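Some notes on the structure that comes next.
The values are calculated or read from the model by the stated rules, or taken from the named source; none is laboratory data. Note that this is a predicted model, so its numbers are computed, not measured. All Cβ positions, even for glycine, are placed from backbone atoms using ideal geometry, and neighbour counts span all protein chains on display. Surface accessibility is based on the protein's heavy atoms, side chains included, excluding ligands, DNA and RNA. Shrake-Rupley method; radii C 1.70, N 1.55, O 1.52, S 1.80 Å.
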Amino acid sequence: MVVAYNTPPQEQTPSVYGTALAQFDRAVRYLNLDDGVADFLRYPRREFSVNFPVRRDNGKVEMFTGYRVHHSTVLGPSKGGLRYSLAVNLDEIRALAMWMTWKCALVNIPYGGAKGGVVVDPKTLSRDELERLTRRYTAELIPLISPKMDIPAPDMGTNPQVMAWIMDTYSMTVGYSVPAIVTGKPINIGGSLGRNEATGRGVIACMVEALKGHGFGKPSSETSIVVQGFGNVGSNAASFAHSLGFKIVGVSDVGGGLYNANGLDMPAVRSYYAEHGTLEGSALGDEVTNAELLALPCDVLAPCAMEGQITGKNANQVKAKMIVEGANGPTTPDADDILNDKGVFLVPDILANAGGVVVSYFEWVQDLQAFFWDQEEVYRQLQRAMARSYYATEATAEEYGVDMRTAAQILAIKRVADALETRGIYP
């Protein structure tokens, strides 16, 4: 029996893809690109939509919708996460794939951008249902993915176990084990040490470099940080910053947040979250909403949740002196203008949250070579990559007289365009 069809939301406001295109258009104005080349870089190379059945534990069959978008393969195979969420739609996936192209180019790794997802709330599935959904979705993606063409990774709603099922499904299909088909896998089947913490650590690594040149003359113990989002990125960013001596005064998850002007006890917060799956009811700080969290007084705000969190409607309420974007697209273009006018220094998403794809690249390299690094080496190479990319972006901002977001896009787009010019247009 076939039951309800999981259709994606029909509207998303503001448009995430519109934000990505607006950012691209702002940056391209500074580059002397042929109009045809600019158009080539503006649009995804290929888009894939699939509707597939999954048998639920009660025996009923339910239809689901999934996507995979390859934005670019100019610099190498496409790379990008898979998310399981009811908010997934093609508009969002296109935007995230485009941002992945610029992210990979900015940190100088040989990938293009991709993204994928399934319209589903994974919390409503049993473990067996989640496995069946993942394996069937993977089977639908077989024509598009390979270690040399497109390498998925975890994202919102997915995790190392989901990547393990994808790896196994692909490996069973081709007839031999292929660890390099995905990154973000469990360590015992070819995952990389340090991958789980990589995005959050990368956010803080960028923040540390930014504070050296644009800080507030405070020691780390007096530098206050607010982190929106307590998933993989936000929780690891907050914990790493806390370990470096910074004062974490606010954190939040989807249900709300905690605030303590004197600093939160981050080990206790993480322990409570691990046990309860929420920050609600912890009594470890004053309760605040996510909207209130974004307007808390602090030195650094790290939005590490969803797209479109800081908009033209609330940007004036932001009191942070610096924003370091752990999420993809958390700030809309109209909010960028307001924040720039206020003098807020912003480290953009394609730079600040690139730590995940950097260590995914390390994992892919290790899998291809069957030679694995220790955690200290992973962290050392991650730090080098983030610092190098930060200062290259800062130099571009100074060269063109632009903000850091536009500078990051200029540098990334130029690298892809230069590679396209060198390769030429086929045929």
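Of the listed requirements (1) in contact with an Asp or Glu (Cβ under 9 Å, 6 or more places away or on another chain); (2) surrounded by fewer than 16 Cβ atoms within 10 Å (Cβ to Cβ), THR124 misses just one: (1).
Return the pairs, sorted by first residue and then second, in which the second residue is open to solvent by 30 Å² or more (accessible area, probe 1.4 Å) and of a type in the set (Gly, Ala, Ser), the first residue lies in the stretch 305-327 and is farther than 20 Å from PHE216 by Cβ, the beta carbons are less than 8 Å apart, and the residues are 6+ apart or on different chains. Pairs found: ALA305/GLY231; MET306/ALA87; ASN314/ALA291; ALA327/ALA305.
When the residues of the stretch 200-229 are filtered to those that are open to solvent by 20 Å² or more (accessible area, probe 1.4 Å) and touching a residue at least 60 places away in the same chain (Cβ under 8 Å), the one that is nearest to ALA180 (Cα to Cα) is ARG201.
Among the residues of the stretch 1-37, those that are at pLDDT 60 or above, part of a loop (DSSP other than H, G, I, E, B), open to solvent by 50 Å² or more (accessible area, probe 1.4 Å) and farther than 30 Å from LYS313 by Cα comprise ASN32, ASP34. For the stretch 162-185, filtering for residues that are without any contact (Cβ under 8 Å) to a residue 24 or more places away in the chain and surrounded by fewer than 18 Cβ atoms within 10 Å (Cβ to Cβ) leaves 6.
Of the candidates ASN188, ASN159, ASN232, ASN196, the single residue that is over 19 Å from the mean Cα position of the chain (by Cα), open to solvent by 30 Å² or more (accessible area, probe 1.4 Å) and not basic (Lys, Arg) is ASN188. Within the stretch 351-371, being part of a helix (DSSP H, G or I) and of a type in the set (A, V, I, L, M, F, W, C) holds for LEU351, ALA352, VAL357, VAL358, VAL359, PHE362, TRP364, VAL365, LEU368. In the stretch 69-89, the qualifying residues are those that are surrounded by 19 or more Cβ atoms within 10 Å (Cβ to Cβ) and among the aliphatic types (A, V, I, L, M), and the one that is farthest from TRP364 (Cα to Cα) is VAL88. Put simply, of LEU130, LEU106, LEU141 the only residue that is open to solvent by less than 50 Å² (accessible area, probe 1.4 Å) and more than 19 Å from TYR84 (Cα to Cα) is LEU106.
Inspect all residues belonging to the stretch 284-293 and state whether any of them is at pLDDT 95 or above and within 24 Å of ILE350 (Cα to Cα). Yes.
Looking only at residues in the stretch 310-324 that are out of contact with any strand residue (DSSP E or B) (no Cβ under 6 Å at 6 or more places or on another chain) and assigned to a loop (DSSP other than H, G, I, E, B), the one that is nearest to GLY213 (Cα to Cα) is LYS321.
Yes/no per residue for (1) modelled with pLDDT of 95 or more; (2) under 22 Å from GLN409 (Cα atoms); (3) of a type in the set (A, V, I, L, M); (4) part of a loop (DSSP other than H, G, I, E, B):
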residue	(1), (2), (3), (4)
GLY66	yes, no, no, no
THR73	yes, yes, no, yes
GLY81	yes, yes, no, no
VAL88	yes, no, yes, yes
ARG94	yes, yes, no, no
CYS104	yes, yes, no, no
GLY113	yes, yes, no, no
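Looking across the stretch 393-418, the residues that are surrounded by fewer than 22 Cβ atoms within 10 Å (Cβ to Cβ), small (Gly, Ala, Ser), assigned to a helix (DSSP H, G or I) and without any contact (Cβ under 8 Å) to a residue 40 or more places away in the chain come down to ALA395, ALA397.
The residue of the stretch 268-290 that is nearest to ALA210 (Cα to Cα), among those that are out of contact with any strand residue (DSSP E or B) (no Cβ under 8 Å at 6 or more places or on another chain) and surrounded by 14 or more Cβ atoms within 10 Å (Cβ to Cβ), is ARG270. Only one of the listed residues (THR331, THR311) is crowded, with 24+ Cβ neighbours inside 10 Å, of a type outside the set (Asp, Glu) and either in contact with a His (Cβ under 9 Å, 6 or more places away or on another chain) or more than 20 Å from TYR259 (Cα to Cα) (or both). That residue is THR331.
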